[in-house]
1. Name the one entry in SER58, SER28, SER87, SER52 that is loosely packed, with under 13 Cβ neighbours inside 10 Å, at pLDDT 95 or above and either closer than 13 Å to PHE124 by Cα or of a type in the set (Lys, Arg) (or both).
2. Take the residues in segment 262-300 that are modelled with pLDDT under 85 and under 15 Å from ASP208 (Cβ atoms), then tell me which one is surrounded by the most Cβ atoms within 10 Å (Cβ to Cβ).
3. Can you tell me which residue is nearest to the chain's Cα centre (by Cα) among those in segment 220-243 that are crowded, with 18+ Cβ neighbours inside 10 Å and assigned to a helix (DSSP H, G or I)?
4. Taking the criterion of being outside any helix (DSSP H, G or I) and over 31 Å from the mean Cα position of the chain (by Cα), would at least one residue in segment 33-42 satisfy it?
5. Determine which member of the set ASP246, ASP265 is in contact with a Gly (Cβ under 8 Å, 6 or more places away or on another chain) and assigned to a helix (DSSP H, G or I).
6. Does LEU91 satisfy the condition of being of a type in the set (A, V, I, L, M) and free of Cβ contacts under 8 Å to residues at least 24 places away in the same chain?
7. Report every pair of residues separated by at least 6 positions or lying on different chains whose Cβ atoms are under 6 Å apart, first residue within segment 161-176 and within 14 Å of ARG199 (Cβ to Cβ), second of a type in the set (A, V, I, L, M) and part of a loop (DSSP other than H, G, I, E, B).
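The values are calculated or read from the model by the stated rules, or taken from the named source; none is laboratory data. Note that this is a predicted model, so its numbers are computed, not measured. When we count neighbours, we look across all protein chains shown, and the Cβ atoms used for this are built from the backbone with ideal geometry, even at glycine.
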Amino acid sequence: MIDHSEDPNPDRPEPVKPGEEPFTVTGSTSPDAVAEKLLQGNYVLIGDKFSSGLKFLSELKKQVFGGADKKDFLAYREKRSQYHLASNRLLVPIRQNKIDLEKAPGIGWLKKLYPDIDDFLLPFPQVQGLNSSWQWYQKGIKYPVLENKLYPYYGTYFPTRFDHLYLFDYWLKKYAGSKSTALDIGTGCGVLAFKLLDRGFETVYATDINQNAITSVRDDAKRVGVEDRLKAWQSDLFQRIRQKTDLIVFNPPWLPGQKETGGLDTAIYYKPILFERFFDEARHHINDDGRIVFLFSNVARITEIEQEHPVESELSKNSRYIKVKLIKRKADRPSSKTKRRDNREGEYVELWELKLV
């Protein structure tokens, strides 16, 4: 079902090569001065303790966000972008697959992802991300809709809110169609793909544009002994799909991107043509009596950054699909595991079931 051409190597945070020698700072350096240099576009290298980096980022965050109103979604996103650019100029030395700072955490990803480099610099926030990811990878994540834990590989999106998972499980319990094959587009950590197997699908194909997600799903499939039933491949939507299937599941990003996105942001922010491409391509990969399940949220509407709904727009403008069912679930408050705290009162998640005309 999949074009078996060679997959690319997993992504990793790219080492930084400043054009000139970065300013070296220590815990005794004024946090105000460090934040100012970062905001002015200078690279700064931490020279003593890992905790110094935490102190400098804390001060930078205060200067950037100040009293910013998190309910002003667009303005707050701009602040996040400014902080992202400045914070990634704060550098950490890496030597022989370890952080070369006092009292730094041990991060297994440094050995797994950088076997070819001995001495380099990484942005402090990227190192924090590697550390956090390594903790999740070691202990795993137990989802309420799955029997087995998942162990997301570095750079793999995994949900920290479960409303859409409950909604999908509710729909899947009542699904009475063929369970020969299913296709999970944009699989992320694979939670929906594994759920499809739990509910009796014989073979599930999972694709994602992010190769790290594919590595993650493949590893977890081997861990629980279902690698013969769950096949994961790197693909931009249906780019490498060659056959038709009984069910297509798509849980896309729920927010429009304001600029070019990369990394994990591609799992959160969508490009303008994403949905047009999906609906145009999906019809060539679904059996005549098959179904498409599209999971979405009204978050873009309630935050007033986008009023057009991708499924409503598709159904009103084209004659390719018919709505079979629409079910909704009120979203719970954000998990303590996510840093997002924007105003989402009144949010609900949706499951659209579609079929070909």
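1. SER58
2. ALA267
3. ASP220
4. no
5. ASP265
6. No; evaluated as a whole, the condition is false for this residue.
7. Close Cβ pairs satisfying both conditions: LEU165/VAL145; ASP169/VAL145.
Residue by residue, here is whether (1) part of a strand (DSSP E or B); (2) within 24 Å of SER28 (Cα to Cα) holds:
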| site | (1), (2) |
| --- | --- |
| LEU54 | no, yes |
| VAL64 | no, yes |
| GLU78 | no, no |
| ILE94 | yes, yes |
| LEU110 | no, no |
| LEU130 | no, no |
